[in-house]
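Here the structure comes first, spelled out in structure tokens, and everything after it is commentary.
The values are calculated or read from the model by the stated rules, or taken from the named source; none is laboratory data. Being a predicted model, the structure only gives us computed values, none of them experimental. When we count neighbours, we look across all protein chains shown, and the Cβ atoms used for this are built from the backbone with ideal geometry, even at glycine.
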Amino acid sequence: MDIAHLRLRNQRIGGAMRGEAADVVGWLGAVQAQDFAGAKWALGLRLRQATDSQIERAFNEGAILRTHLLRPTWHFVTPADIRWLLSLTAPRVHAASAHMYRRLELDASVFKRSNAALAKALQGGQHRTRTELEGVLQKAGIATDVGNRVAYLMMGAELGGIICSGPRRGKQFTYALLEERAPQTKTIDRDQALAELSRRYFASRGPATVQDFAKWSSLTVADAGRGLESVQDGLRKEVVDGRAYWIPKSRPSHDDGSPTAHLLSIYDEYISGYKDRNAIVSEEDGARLVGLGNALTAVIVVDGQIVGTWKRALGKDTVVIETHPFQRLTRVEKRAVAEAAQRYGAFHELPVSLE
């Protein structure tokens with residue numbers, strides 16, 4: 001089984017999807033998005049002829065939202081999915097943050113007061129920055145000058161379904177009331193939510209193991225196993241090197257030529273969506289990534305394998321892309337990387353200078 005190529009196809013990497021940004025986010029369930037520019041490219045990479053401005057507009061209009069879900073970090077999610085995802089995963093995120101709550105003296109009573117103050121400040125379609133909301137909290141008598149207290153107060157309000165992302169104000173992010181940004185979205189019970197998240201995970205990221213799913217979702221391995229069991233009739237199992245991988249029975253119809261290259265953003269789901277990355281990077285190159293200080297970085301992928309890293313400098317008139325392969329690439333591979341760089345330039349509607 002060619003795990004890497006199957007993951008590329010199921011993740012729709014390479015512009016395989018028709019539709020809008022929300023269609024990609026809905027297919028993947030949630031998309032890691034603390035690096036906003038990189039997360040926009042992660043969506044654009046999976047759409048046909050998408051541009052940065054189109055993704056930005058979808059975000060500002062609320063077609064996709066950004067909030068804390070799954071692991072304690074930001075994710076893109078659709079308004080239709082945000083409530084049931086929060087109900088399923090917020091308890092696990094709270095548990096992961098419990099030590100910080102104690103350190104920052106945040107308890108249920110503090111969150112109740114801060115949530116009420118934030119909701120009042122945002123009602124009526126108000127969109128405010130975190131700095132502005134920090135002032136609101138201070139006026140409500142809630143201390144904000146200790147460590148990352150503000151960040152955890154805001155995250156608590158997100159996890160509580162009180163607030164989510166609003167439109168950007170220039171380059172600044174704002175918050176909005178969730179009930180105004182995603183009104184009247186459906187709610188489903190926990191078992192249904194667990195089954196739905198499991199279905200989307202293995203459909204969009206298979207082949208994957210139950211441990212991969214647990215790591216990505218923040219669920220316990222036991223819950224991840226129950227979710228898998230509820231949807232496994234639509235999956236097939238293959239054992240590779242003693243590990244059980246699950247993959248949809250039906251495969252995407254398109255087939256990429258070889259070699260293909262992609263420039264993946266930092267935290268792309270092709271990297272962050274799995275606990276075990278042995279299928280997409282050699283042991284030697286994996287050690288190189290760790291040696292760079294962050295195994296989750298912007299990477300060059302050729303035929304499903306991580307072969308280097310890249311950086312970009314976005315100017316007014318051009319995009320400069322600097323590549324750092326781990327080994328010498330063949331002439332054909334270099335051409336594929338150059339084509340991938342051109343796709344990134346097209347996403348920003350700018351010419352590319354490749355170094």
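Yes/no per residue for (1) in contact with an Asp or Glu (Cβ under 9 Å, 6 or more places away or on another chain); (2) outside any helix (DSSP H, G or I):
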site	(1), (2)
313	yes, yes
317	no, yes
321	yes, yes
328	no, yes
335	no, no
338	no, no
341	no, no
350	yes, yes
353	no, yes
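Checked against the criterion of being buried (at least 23 other Cβ atoms within 10 Å of the Cβ), modelled with pLDDT of 95 or more, part of a loop (DSSP other than H, G, I, E, B) and not assigned by TED's automatic domain parsing to the domain that holds residue 116, segment 221-231 has no qualifying residue.
Within segment 144-170, restricting attention to residues that are part of a loop (DSSP other than H, G, I, E, B) and without any contact (Cβ under 8 Å) to a residue 24 or more places away in the chain, the residue that is nearest to residue 55 (Cα to Cα) is 170.
Pairs are defined by a Cβ separation below 6 Å, a sequence spacing of at least 6 or placement on different chains, a first member in segment 171-184 that is farther than 16 Å from residue 159 by Cβ and assigned by TED's automatic domain parsing to the domain that holds residue 62, and a second member that is at pLDDT 95 or above and buried (at least 21 other Cβ atoms within 10 Å of the Cβ); the pairs so defined are 174/166.
It is to be established whether one or more residues within segment 55-66 are among the basic types (Lys, Arg), more than 19 Å from residue 184 (Cα to Cα), outside any loop (DSSP other than H, G, I, E, B) and touching a residue at least 60 places away in the same chain (Cβ under 8 Å). No, the conditions are met nowhere in segment 55-66. Considering only residues in segment 301-326 that are in contact with a strand residue (DSSP E or B) (Cβ under 7 Å, 6 or more places away or on another chain) and surrounded by fewer than 18 Cβ atoms within 10 Å (Cβ to Cβ), the one that is nearest to residue 269 (Cα to Cα) turns out to be 311.
When 28, 45, 69 are screened for being within 30 Å of residue 97 (Cβ to Cβ), surrounded by 23 or more Cβ atoms within 10 Å (Cβ to Cβ) and in contact (Cβ under 8 Å) with a residue 40 or more places away in the chain, only 28 passes. On inspection, residue 106 passes the criterion of being of a type in the set (A, V, I, L, M, F, W, C) and touching a residue at least 24 places away in the same chain (Cβ under 8 Å). Taking the conditions exactly as written (at pLDDT 95 or above and not assigned by TED's automatic domain parsing to the domain that holds residue 46), does residue 340 satisfy them or not? Spelling it out, residue 340 is indeed at pLDDT 95 or above and not assigned by TED's automatic domain parsing to the domain that holds residue 46.
For (1) outside the structural domain of residue 344 (by TED's automatic domain parsing); (2) out of contact with any helix residue (DSSP H, G or I) (no Cβ under 9 Å at 6 or more places or on another chain); (3) within 24 Å of residue 265 (Cβ to Cβ); (4) of a type outside the set (S, T, N, Q), each residue gets a yes or a no:
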position: 27; (1), (2), (3), (4): yes, no, yes, yes
position: 52; (1), (2), (3), (4): yes, no, yes, yes
position: 61; (1), (2), (3), (4): yes, yes, yes, yes
position: 88; (1), (2), (3), (4): yes, no, no, yes
position: 100; (1), (2), (3), (4): yes, no, no, yes
position: 107; (1), (2), (3), (4): yes, no, no, yes
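All conditions but one from (1) of a type outside the set (Asp, Glu); (2) surrounded by 19 or more Cβ atoms within 10 Å (Cβ to Cβ); (3) in contact with a Leu (Cβ under 7 Å, 6 or more places away or on another chain) apply to residue 94; the one that does not is (2).
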